[in-house]
Amino acid sequence: MNEMQAIKVGKSRPPVTAKGADGSRNRSGRITRMKILDAAEQVFAEKGISPTSLREIMIAADVNIAAVNYYFGSKTHLLREVVRRRSNEINGARESMLAEACARGGGIPTIDGWIDALVGPFVVAEGSSDPGWRNFMRVLNGVTTAQRTDKVCR
């Protein structure tokens with residue numbers, strides 16, 4: 001993985017606030033939506049997915065329950081969005097690394113190239129100084145563990 005990919009996956013985001021620096025409200029709702037996603041990611045990581053309630057996320061995000069329902073509709077949709085937003089960055093880094101491995105191998109990546117592209121972005125995310133990435137990895141682990149359990153227990 002090159003340095004730019006590591007920086008992209010491991011980058012920190014500035015803290016999100018509900019109002020702009022001048023005290024004006026964000027009309028698009030983007031800031032409120034990001035606050036909810038950040039809070040959900042943190043609470044899901046700390047408590048687990050099943051035990052977490054929308055009320056706990058609402059309190060952590062410092063928004064009313066109507067905002068959570070308005071932007072996401074349900075806990076399931078909120079969880080999907082939590083996973084989707086960081087998965088897009090992970091997958092972008094993977095595609096870039098695979099393209100580099102293909103270029104190095106004359107169009108065919110080596111096994112090491114495939115493994116690096118598949119796993120490398122997750123390793124960088126896990127070691128990131130951004131707590132959001134560490135939370136994401138814990139949430140992702142909870143999702144995959146739950147999926148494995150469901151398949152095994154059926």
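Quick one: in segment 83-122, which of the residues that are basic (Lys, Arg) and open to solvent by 40 Å² or more (accessible area, probe 1.4 Å) is nearest to Phe136 (Cα to Cα)?
Ranking the qualifying residues of segment 83-122, first place goes to Arg84.
For Ala125, all conditions in the list (1) open to solvent by less than 30 Å² (accessible area, probe 1.4 Å); (2) more than 23 Å from Ala40 (Cβ to Cβ); (3) part of a helix (DSSP H, G or I) hold save one; what is the number of the exception?
(2)
Of the conditions (1) open to solvent by less than 20 Å² (accessible area, probe 1.4 Å); (2) assigned to a loop (DSSP other than H, G, I, E, B); (3) β-branched (Val, Ile, Thr), Val68 satisfies every one except a single condition; which number is it?
Only one criterion in (1) open to solvent by less than 20 Å² (accessible area, probe 1.4 Å); (2) assigned to a loop (DSSP other than H, G, I, E, B); (3) β-branched (Val, Ile, Thr) is unmet by Val68, namely (2).
Cβ contacts < 6 Å: first residue touching a residue at least 12 places away in the same chain (Cβ under 8 Å), restricted to segment 42-55; second residue open to solvent by 80 Å² or more (accessible area, probe 1.4 Å) and not in a helix (DSSP H, G or I), any location; separation 6+ or different chain. Result?
Taking only residues 6 or more apart or on different chains, not a single pair turns up.
Can you pull out every residue in segment 45-59 that is under 17 Å from Arg138 (Cβ atoms) and either surrounded by 18 or more Cβ atoms within 10 Å (Cβ to Cβ) or among the hydroxyl-bearing types (Ser, Thr, Tyr) (or both)?
Looking only at segment 45-59, we keep the residues that are under 17 Å from Arg138 (Cβ atoms), and these are 45-52, 56-57.
Ala45, Ile49, Ser50, Thr52, Ile57 - these are the residues of segment 45-59 that are under 17 Å from Arg138 (Cβ atoms) and either surrounded by 18 or more Cβ atoms within 10 Å (Cβ to Cβ) or among the hydroxyl-bearing types (Ser, Thr, Tyr) (or both).
Exactly one condition in (1) closer than 23 Å to Gly127 by Cα; (2) open to solvent by less than 60 Å² (accessible area, probe 1.4 Å) is false for Gln42; which is it?
Failed condition: (2).
In this structure, does Pro131 turn out to be of a type outside the set (Lys, Arg) and within 15 Å of Ala39 (Cβ to Cβ)?
On the way: of a type outside the set (Lys, Arg): yes; within 15 Å of Ala39 (Cβ to Cβ): yes.
Yes.
The values are calculated or read from the model by the stated rules, or taken from the named source; none is laboratory data. Here the structure is a predicted model, which is why all the values come from computation and not from measurement. Here the Cβ is made from the backbone with ideal geometry for all residues, glycine too, and neighbour counts use every protein chain on show. For accessibility, only protein heavy atoms count, side chains too; no ligands or nucleic acids. Shrake-Rupley method; radii C 1.70, N 1.55, O 1.52, S 1.80 Å.
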